[in-house]
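**Student:** Here it is, the structure in full.
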Amino acid sequence: MKNSVKHLALFLSAALLTFFVSCSDDDGPIGNLLDEIDDIVDEIVDSGPVLADGIYIVGPSVSADTTSANLLQAGNVGAPEFGTQLRTDFYEGYIYMGAGNYSFIKVEGETTTALGGAWTKVFVGDSIESFSGALDAGGEGESPFETGKLAHVMYDASTNQYALTTVEYWEVIGSATDGGWSAGQKIAETSKSAESVVFVGEGITMREGPYKFRFNSNWGINLEEGECDNSATACLDYFTNLGGTLDALVAGGANMEFGTGNDGVYKVTITYSPGSGISLDVAVEKTGEAEVLAQYPDSLFMIGSAIGGWDWAVNGQPLIPVYDNKHLFWKVVYLDTAGGSEFKFSPVMAWNGDFGKTGDATGGIFAKGGDNVVMPGAPGYYAITVNLEAETIEVTEDVGIYGIGGDTFGSWDGGVAEQKFTRTDSVFTSPTILADGELRIHFTSSTLTKSESTDAVDWWQAEFVVVASGAIEFRGTGGDQARTAVTAGQKVYLNFKTLTGAIE
């Protein structure tokens, strides 16, 4: 067996020799480089197993041995509708790297090829540092890291691109955490060496719900412009987040689920150990009890003379819950004075737990109480927001419906005035769609705010869409909605009386 390994090592040695001697004189004496190569060859020989076919990263800058410890594995890239898919000849892994040279090694049977190439520093987002470049046979590669760091390593053989991305810290994020999907709970690096890099987050409250892990507060990196198509050929959009399960982590995988009855305060530890692919282990240890949260109803309904009468079976109408914000409900509704001008709310379609307002409104906002809410103006459309944490009821004629999307409406920012729908009679009309894309619409108001905050909820937490049948479908507490395609020059028309829309 050792002779077979030695035979393969000689192939690797020759490839590395080609790589190293191509470096400039600044890289040091050839004798030193040969010593480094000999060390690598000896390590291969002493390790025992034969290198299987695959992509490896080796060299003085790399953490552990030159066999399976540094093997990259086939990975996922983005897909339409926020999905994932395999991309042919796309490889990734987590590797501890320090200063010095490195080479990517491609093993195919008895053929071993060394690949290298200069990198260019690239920043993606506000908190992620990535170094990318192109690989060529015998090219030069010098680690961008002056000291040891855990790095995500990516190699795409179809484009010869590679990227090294520093892992500064991890986060746990999702509905199962106090920050929801808006703010991750930090898991900081506490120790590092070639054999182990440890990240620890303490005092993290976890409750029932979905969650994921991500590093450096980012979801992914796209090295090419454009969205991923169904064949994964039009993009190089790969993931810096992990889903799946704690025992089987998957880059860009499905949300994990924190189970019922396990609410508590936890210590979360993520440990890197040399291994192939996603060589990470996650441990979750309960250290305390979670604070008991205020209880909010799963649903909320309105009734009253302003919407037709006081018979729950005939006149009751549901409000829309807000994703990840159990204290919030909203509705765009036509209020009339034909039979009166008052209304109230209840968590059930019955007179059980019902409520209204107390006192007069300030800026369209009532304090929650026991009196009927009186329509504040003439018959017409009103936006109603119930904030059960703040105990307020907002009733306003200024209905905040907005389109959103960089291509379609000009911006991904919520509540942009130029992207607001305007009303004529019973119909709300969007601005003209600027370019082909996917329809995204959201609601906002001054009291549609996060828990214990005056900050607005994320726009997608109160979004809705017009589907092919013409119906308006609200996201509510559900998952991401299927997209509806729109074309440049079209407009979107919404009728909240019939809960229908049109795209023309």
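**Student:** For residues in the range 162-192 being part of a loop (DSSP other than H, G, I, E, B) and free of Cβ contacts under 8 Å to residues at least 60 places away in the same chain, which is nearest to L115 (Cα to Cα)?
**Tutor:** E168
**Student:** Among the numbered criteria (1) out of contact with any strand residue (DSSP E or B) (no Cβ under 8 Å at 6 or more places or on another chain); (2) in the same structural domain as N101 (by TED's automatic domain parsing); (3) not acidic (D, E), which one does S182 miss?
**Tutor:** In the conditions (1) out of contact with any strand residue (DSSP E or B) (no Cβ under 8 Å at 6 or more places or on another chain); (2) in the same structural domain as N101 (by TED's automatic domain parsing); (3) not acidic (D, E), S182 misses (2) alone.
**Student:** Still on this structure, I have one more. From I278, I270, grab the single residue that is closer than 30 Å to A74 by Cβ, out of contact with any Ser or Thr (no Cβ under 9 Å at 6 or more places or on another chain) and outside any loop (DSSP other than H, G, I, E, B).
**Tutor:** Checking each option against the conditions leaves just I270.
**Student:** Given V284, V322, V348, which one is within 36 Å of the chain's Cα centre (by Cα), within 30 Å of E257 (Cβ to Cβ) and not assigned by TED's automatic domain parsing to the domain that holds F421?
**Tutor:** Exactly one residue qualifies, and that residue is V284.
**Student:** Next question, about the same structure. Just to confirm my filter: which strands (runs of 3 or more DSSP E) fall fully inside the range 377-466 and include at least 1 residues that are of a type in the set (A, V, I, L, M), at pLDDT 95 or above and under 14 Å from V332 (Cα atoms)?
**Tutor:** Correct list: 380-387, 392-396, 401-403, 427-429, 441-443.
**Student:** Here are the criteria: (1) at pLDDT below 85; (2) buried (at least 19 other Cβ atoms within 10 Å of the Cβ); (3) among the aromatic types (F, W, Y). Tell me which single one Y155 does not satisfy.
**Tutor:** The single condition Y155 does not satisfy is (1).
**Student:** Still on this structure, please answer the following. Would you call T422 surrounded by fewer than 16 Cβ atoms within 10 Å (Cβ to Cβ) and more than 28 Å from the chain's Cα centre (by Cα)?
**Tutor:** Criteria met by T422.
The values are calculated or read from the model by the stated rules, or taken from the named source; none is laboratory data. On a predicted model such as this, the values are computed, not experimentally measured, just so you know. All Cβ positions, even for glycine, are placed from backbone atoms using ideal geometry, and neighbour counts span all protein chains on display.
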